[in-house]
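Written below as structure tokens is the structure these notes are about.
The values are calculated or read from the model by the stated rules, or taken from the named source; none is laboratory data. As the structure is a computational prediction, the values presented were derived from the model and not from experiment. So basically every Cβ, Gly included, is an ideal-geometry build from the backbone, and we count neighbours across all protein chains shown. Surface accessibility is based on the protein's heavy atoms, side chains included, excluding ligands, DNA and RNA. Shrake-Rupley method; radii C 1.70, N 1.55, O 1.52, S 1.80 Å.
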Amino acid sequence: MHHTPHVLLGPLAGLIGTWVGGGTGQLPERDTFAWRERLTVEHAGTPVLAFHQRTTRGDGTPFHAEDGWIRVPPELQHDGQDPVVELAVTSPTGILEAMSGAARTMEDGCELDAISTDVSRTAAAGHVLSTRRRWRLDGDLLTIDFWMATPNDPEQFHHLTSRLEREPEPDASQELPEGS
């Protein structure tokens, strides 16, 4: 079921859909690594986008996953200003991020940039001090960058980049064969 995106989503409505591609990452003083990624961004008529990210290694085995929400809280919006956004992101690594930032309209898309206001963790999770996420939509190309700081590297470092292309939606006008 498709809903018209909430007006407060503004430029972020362009993120709705499925994105596929790959990414590369690095930790300080370690080799780079790569993955394949599938990101789905959905809405339900409210000023919130839900996203589900799944990655695999080159051999197809699961690598990482995240689920999150991009919120455009009505009480934080001001006429004529870029939308204020909040993100809530969880992963099976046990890291939970609360983030705040802004989204701005660009020529052929938008850019969302948010920094952590709180990073929590489960008892066995690694310790992350802070994070930053930037999503840049340019037409049908979505580039996502991620920075983080840890106790060993307290200054944020660039950790990950994904380059994803919009997956075409199935053609709903095609009829199913009889007996389907």
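Before moving on, here are some points about what is shown:
- Projecting the Cα atoms of THR93, PHE63, ALA13 onto the dipole axis of the chain, where Lys and Arg carry +1 and Asp and Glu carry -1 at the beta carbon, places THR93 farthest toward the positive end.
- Given 11 as the ceiling on other Cβ atoms within 10 Å, longest exposed-site-free region of the chain for GluC sites (Glu not before Pro) in DSSP loops: 30-106
- Euclidean distance of C-alpha centroids, segment 29-70 and segment 102-146, integer Å: 12
- Average Cα contact separation per residue, segment 1-132, under 8 Å, 6 or more apart, as relative contact order %: 17
- Shape category assigned to segment 96-174 from the gyration tensor of Cα positions, a/c cut at 1.5: prolate
- Beta-bridge orientation, segment 1-111: approximately 100 percent antiparallel, per DSSP, counting only bridges with both partners inside.
- Segment 1-84, accessible surface, carbon-and-sulfur percent (1.4 angstrom probe): 53
- For segment 56-142: Kirkwood Rh in Å [reciprocal of mean 1/r, alpha carbons]: 14.6
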